[in-house]
Amino acid sequence: MTVLVLTRSEDATADLVIAELNDRDVPVWRLDPGDFPESLSVSARIGAGLPNWCGLVQGQHRGTSLDRVRSVYHRRPSPFRLNPALSDGDARWAQSEARAGFGGLLTALECLWVNHPHRNAAAGVGPAALATASRCGLTVPETLITNNANEARTFIKGLPGGVAAYKAIGDNAPSDVDGWPQALWTTKVRAAEITDSVTLTAHQFQEWVPKAYEVRVTVVAGKVFAAEIHAGSPASRIDFRRDYDSLTYKLCDVPVDTAAGLRRLLHSFGLHYAALDFLVDHEGDWYLIDVNPNGQWAFVPELRTPITRALADLLEGRTL
């Protein structure tokens with residue numbers, strides 16, 4: 001039985017898990033769905049008494065039977081790369097058919113997924129994640145989503161200190177003047193800075209939590225791993241992604257009630273894995289701000305090995 005790792009050719013995080021599985025002599029096949037249909041082929045059948053799809057996925061150098069897949073580690077697959085000779089209209093059609101056909105066959109696999117892409121998609125919807133987290137007993141900052149400038153100004157004026165955190169809701173980034181995507185970091189904003197451009201789309205504003213530090217919590221099959229993130233520069237104090245070089249880490253315990261809420265949250269979405277971000281204020285209160293169903297974890301050196309092993313245990317079937 002094979003562990004199928006769905007990711008692009010360069011993925012240092014997946015490399016760690018693959019190396020661990022190789023050390024355990026667990027069969028692994030690293031597959032990038034983006035190679036379909038140019039260098040990947042598939043033939044599968046159902047019906048005539050077959051309860052599930054049966055067939056073969058074949059790459060340039062190896063392949064595997066669909067019914068031989070033990071588990072799937074869904075990481076960072078590339079978009080489908082289509083024949084460049086296709087017209088724009090034909091390419092859109094071929095992309096849709098590849099997603100529904102090849103992608104559909106993969107998602108129909110009845111095995112352990114870490115995580116199933118449909119589950120990731122549901123948990124990756126920010127408003128749904130925050131609402132579910134709140135119902136699971138986790139504390140979330142007071143949050144407004146609006147395209148009404150006056151509502152935004154009123155909300156911010158009512159917050160302690162009259163300041164809010166503005167952050168993007170979705171995954172895509174706006175483009176700069178040359179058409180290149182630009183990072184949209186978390187920023188502090190006051191009511192006077194809100195313009196009528198807010199009316200152009202949805203915007204998310206959250207109360208500004210005066211933090212002592214942040215915590216990245218990673219949950220694998222119910223096991224909780226956590227590290228404090230201490231900012232070492234003004235930029236990283238607002239958004240730690242802006243200056244990784246200034247960060248320091250310290251392993252920490254998660255409060256019992258928070259850990260229980262996290263497990264309820266993952267169970268609600270059907271996730272085996274998630275990375276979650278918390279702000280911890282100076283009174284020791286924990287505020288959940290992000291749910292990342294496919295988030296990174298290897299950037300915390302002290303947790304790299306334990307999380308790698310936990311994921312390998314899960315994919316191998318040791319924790320089931």
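The values are calculated or read from the model by the stated rules, or taken from the named source; none is laboratory data. Since the structure is predicted, the reported quantities are computational estimates derived from the model, not experimental observations. Every residue, glycine as well, gets a Cβ built from its backbone with ideal geometry; the counts of neighbours run over all protein chains shown.
Points worth noting:
- Subset of region 256-278 that is in contact with an Asp or Glu (Cβ under 7 Å, 6 or more places away or on another chain) and not aromatic (Phe, Trp, Tyr) - its residue that is surrounded by the most Cβ atoms within 10 Å (Cβ to Cβ): LEU276
- Complete set of residues in region 194-233 that are part of a loop (DSSP other than H, G, I, E, B) and surrounded by fewer than 16 Cβ atoms within 10 Å (Cβ to Cβ): THR195, THR201, ALA202, PRO210, GLY222, GLY232, SER233
- Scanning region 8-25 for residues that are in contact (Cβ under 8 Å) with a residue 60 or more places away in the chain, buried (at least 19 other Cβ atoms within 10 Å of the Cβ) and either basic (Lys, Arg) or touching a strand residue (DSSP E or B) at 6+ places or on another chain (Cβ under 7 Å) (or both) returns ALA14, VAL17, LEU21.
- Residue check for LEU130: within 24 Å of HIS272 (Cα to Cα), of a type in the set (A, V, I, L, M, F, W, C) and under 22 Å from the mean Cα position of the chain (by Cα): yes
- The condition of being over 13 Å from TYR287 (Cα atoms) and surrounded by fewer than 18 Cβ atoms within 10 Å (Cβ to Cβ) holds for only one of ARG135, ARG119, that being ARG135.
- Only one entry in ASP245, ASP281, ASP239, ASP253 is under 23 Å from PRO127 (Cα atoms), among the acidic types (Asp, Glu), over 15 Å from the mean Cα position of the chain (by Cα) and surrounded by fewer than 16 Cβ atoms within 10 Å (Cβ to Cβ), namely ASP281.
Residues checked against (1) modelled with pLDDT of 95 or more; (2) touching a Pro at 6+ places or on another chain (Cβ under 9 Å); (3) assigned to a helix (DSSP H, G or I):
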| residue | (1), (2), (3) |
| --- | --- |
| GLN60 | no, no, no |
| THR64 | no, yes, no |
| ASP67 | no, no, yes |
| VAL72 | yes, no, no |
| ASP90 | yes, no, yes |
| TRP93 | yes, no, yes |
| SER96 | yes, no, yes |
| ALA100 | yes, no, yes |
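- Filtering GLU20, GLU10, GLU110, GLU38 for residues that are within 19 Å of ARG309 (Cα to Cα) and charged (D, E, K, R) leaves a single hit, GLU20.
- Matching residues, region 252-274, being assigned to a helix (DSSP H, G or I) and of a type outside the set (Gly, Ala, Ser): VAL256, ASP257, THR258, LEU262, ARG263, ARG264, LEU265, LEU266, HIS267, PHE269
- Filter pass, GLY317 being surrounded by fewer than 20 Cβ atoms within 10 Å (Cβ to Cβ), under 24 Å from ARG70 (Cβ atoms), touching a residue at least 60 places away in the same chain (Cβ under 8 Å) and under 16 Å from the mean Cα position of the chain (by Cα): no
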